[in-house]
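Everything below concerns the one structure shown next.
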Amino acid sequence: NGPAINVIEADTVTIELTGTNKITSTTTEDLDGAIYSKGDLVFTGTGSLEVKSNYDGIVSKDTLVIKNGTYTITSDDDAIRGKDSVEIQDGTFTINAGGDGIKASNDEDTSKGTVTISGGKFDITAKSDGIQAITNATITGGTINISGAEGIEATYIKIDNGTINISASDDGINASKKSTISTPTVEINGGNITIKMGQGDTDGIDANGNIYVNGGTIDITGNSAFDYDGTAQHNGGTIIVNETQTDTITGQMMGGGMRGGMQGQMPQGGEMPTGGMTGMR
């Protein structure tokens, strides 16, 4: 009953995985993780860990870092959750979550709450979002398979590399205004992204702001490939919509109207251009 591992006070706690490990925990709203830490929590080692929880799986109320290991997590709510940030460098993850698969949220400071994935293999099944961040979600590597209501959601989503396969019943990639730190934006610079959408009012890539495609391959199957409120630029890379390659990011307005994408160059290492409005909704 309660967290199987409960870090009450510490700057940083490191858990090194060796061999085969299993945790089953009945947790509460106050102590809501089978592994729960009020300080920074770091996982290392090449062992395996199976977690079953009636609430959240692994929780840090600060920064959560995973460097390696094999994880099988079944949770009634979120599977992996950090407060300031979640940083995953490598590892193998099988996640079945009643809430979000991987999440970072800070209710007190909305300039924090970031998710960074630089490597690893992920099979995520989530009732809500596969990956959710309040501010930035950044992916620079790894193989990520997501099945959920939404695949990736954050205020600013940046994908530099990796293989990402998303099957979603709502939006595949969604940049929404969860924080005031930046304009909601999807920036794709590389990688191989495949998005398959469910029927109805769904979007492959949805931004309550801007979409920038600078590289990589994006293959979207669904009724609406893109939806955005600000500027859309296709500066490089390959876009395939319903098996047809296109050079245009076409956005869908509410009510079924269509709008064309603007093409231009995005400054490197600088502020995103505001551009002109390509449509209103």
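Summary table
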{"read-out": "Cβ pairs under 7 Å, 6+ apart, first in segment 175-189 and farther than 20 Å from GLY236 by Cα, second acidic (Asp, Glu) and modelled with pLDDT of 95 or more", "value": "SER176/GLU153"}
{"read-out": "Any chance ASP76 is under 17 Å from PRO3 (Cα atoms), touching an Asp or Glu at 6+ places or on another chain (Cβ under 9 Å) and open to solvent by 60 Å² or more (accessible area, probe 1.4 Å)", "value": "yes"}
{"read-out": "Residue match in segment 169-176 (condition: out of contact with any Cys (no Cβ under 9 Å at 6 or more places or on another chain), acidic (Asp, Glu) and assigned to a strand (DSSP E or B))", "value": "yes"}
{"read-out": "Unmet requirement for GLY57, which otherwise passes all of (1) more than 25 Å from LYS121 (Cβ to Cβ); (2) of a type outside the set (Phe, Trp, Tyr); (3) open to solvent by less than 20 Å² (accessible area, probe 1.4 Å)", "value": "(1)"}
{"read-out": "Criterion violated by ASN96 - all others in (1) open to solvent by 60 Å² or more (accessible area, probe 1.4 Å); (2) within 19 Å of GLN132 (Cβ to Cβ); (3) not in a strand (DSSP E or B) satisfied", "value": "(3)"}
{"read-out": "Residues being closer than 18 Å to ASP84 by Cβ and not β-branched (Val, Ile, Thr) - total across segment 1-49", "value": "12"}
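Each row is one residue, and each column tells you yes or no for (1) open to solvent by 10 Å² or more (accessible area, probe 1.4 Å); (2) at pLDDT 95 or above.
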{"site": "SER128", "(1), (2)": "yes, yes"}
{"site": "ILE146", "(1), (2)": "no, yes"}
{"site": "GLU153", "(1), (2)": "yes, yes"}
{"site": "ASP160", "(1), (2)": "yes, yes"}
{"site": "ILE166", "(1), (2)": "no, yes"}
{"site": "SER169", "(1), (2)": "yes, no"}
{"site": "SER179", "(1), (2)": "no, no"}
{"site": "THR183", "(1), (2)": "yes, yes"}
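The values are calculated or read from the model by the stated rules, or taken from the named source; none is laboratory data. Model, not experiment: these values are computed from the prediction. Counting neighbours? That spans all protein chains shown, and the Cβs are built from the backbone with ideal geometry, glycine included. What goes into the accessible areas is simple: the full protein's heavy atoms, side chains included, and nothing from ligands, DNA or RNA. Shrake-Rupley method; radii C 1.70, N 1.55, O 1.52, S 1.80 Å.
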